[in-house]
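Chemist: Sending over a structure as structure tokens; questions will come in a sec.
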Amino acid sequence: MFLRRLPAAAIATIATVATPRGLATAGGEGRQLLLRQLFEASSCTYTYLLADARSGDAVIIDPVLETVPRDLRLLRELGLTLRYAANTHCHADHVTGSGALRRALGCVSAASRASGACADLRLGEGDELRFGDMAFTGDALLIRGCGRTDFQQGCARTLHRSVHERIFTLPESCRVYPGHDYAGHTVSTVGEERRHNPRLTLGADDFVALMERLELPRPRLMDIAIPANLRCGIQDEP
């Protein structure tokens, strides 16, 4: 059972979570996984806190700068030690909180090597986070949707291939936790998305044509967020 890292060729859309050696996992004998799904309203971003309930070792996925005080308070209340702050991609709609958490707690920041972002750990293809039967899909796979591919070297064909080869090959019951939601959903499963996702049930050519027709507005914080997040593990407060 593991949380699998996905390819990072389309920086804005492909999840890149992984773990190096040393993180206590929740899959071993007598281990219990603690999971908190946290929400930031202005960007509709989900931040995930996972921990080994026995050891107290924790990892946070996609923290947001504005909600770092909330996350620090929760870590204190639960008696957890944050080991890693990981970003699934170089965000265009918010500034990551990984740098602030790193300064406050001394945790290790992590990001995809392909994103070009600075971090203590720059992760590559095939890394795994052994942390239970769930998948944190960042902006690659949303609930009944997917991330956009029209900036940051995004590629609709790469996204379609990655979801079908990396996520949709996981067990049907595997829970899917997205990086964002705009319709009140919190969790899905691989089986649900494989059957009911209106975009990713399309063939590759139809999916590419659909993504090219979307004409989505430019992210409001893009000019602020991307430069800051390229320094995700080391940035100063904006």
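Read-outs: derived from the displayed coordinates by stated rules, not from any lab. No experiment lies behind these values; they were computed from the predicted model shown. Cβ: placed from backbone, ideal geometry, glycine included. Neighbour counts: every protein chain shown.
Chemist: Find how much the distance from Glu77 to Arg161 grows on full extension, using 0.36 nm per residue of separation minus their present alpha carbon separation; answer in nm with one decimal. Provide the component values of the computation, followed by the final result.
Modeler: Numbers: separation 84, 0.36 × 84 = 30.24 nm, distance 4.12 nm.
Roughly 26.1 nm would be gained on extension.
Chemist: Under the classification rounded if a/c is under 1.5, otherwise prolate if a/b is larger than b/c and oblate if not, where does region 171-230 fall, given a ≥ b ≥ c as square roots of the Cα gyration tensor eigenvalues? Spell out each step's value before the answer.
Modeler: Values: a/c = 2.44, a/b = 1.36, b/c = 1.78.
In terms of gyration-tensor shape, oblate.
Chemist: Going highest first, how would you order 47-54, 200-207, 160-167 by mean Cβ packing within 10 Å?
Modeler: Details: 47-54: 20.9, 200-207: 14.2, 160-167: 19.0.
The packing order, highest mean first, is 47-54, 160-167, 200-207.
Chemist: A follow-up question, please. Could you order peptides 35-42, 67-74 by the average number of other Cβ atoms within 10 Å of their residues, highest first? Working shown, then result.
Modeler: Values: 35-42: 14.2, 67-74: 16.6.
Final packing ranking: 67-74, 35-42.
Chemist: Return the distance in nm (one decimal) between the two label points of a simple spin-label model at Leu33 and Glu125, each offset 7 Å from Cα along Cα→Cβ.
Modeler: 2.6 nm
Chemist: Also, quick follow-up: Given R₀ = 35 Å, FRET efficiency for Ala209-Glu66 by Cβ-Cβ distance, to 0.05?
Modeler: Details: r = 37 Å, r/R0 = 1.05.
Efficiency for this residue pair is about 0.45.
Chemist: Also, I was wondering about something else. Quick one: of the DSSP bridges fully inside region 47-100, what percent are antiparallel, nearest 5? Write out the running numbers ahead of the final one.
Modeler: Details: 5 of 10 bridges.
Bridges in region 47-100 that DSSP calls antiparallel: roughly 50 percent.
Chemist: Please sort 102-115, 172-185 by packing, taking for each peptide the average over its residues of neighbouring beta carbons within 10 angstrom, highest first. Don't skip to the end; give the middle numbers.
Modeler: On the way: 102-115: 20.9, 172-185: 16.8.
Order by mean packing, descending: 102-115, 172-185.
Chemist: Could I ask something else about it? What does the C-alpha gyration tensor say about the overall shape of region 131-235? Classify as rounded when a/c is under 1.5, otherwise prolate if a/b is larger than b/c, or oblate.
Modeler: Working: a/c = 1.86, a/b = 1.26, b/c = 1.48.
Oblate, since a/c reaches 1.5 and b/c is not below a/b.
Chemist: Which three numbers, in whole Å and largest first, are the semi-axes of the equivalent ellipsoid of region 31-82 derived from its Cα gyration tensor as √(5λ)? List each step's numbers first, then the result.
Modeler: Working: eigenvalues 83, 25, 11 Å².
They are 20, 11, 7 Å, listed largest first.
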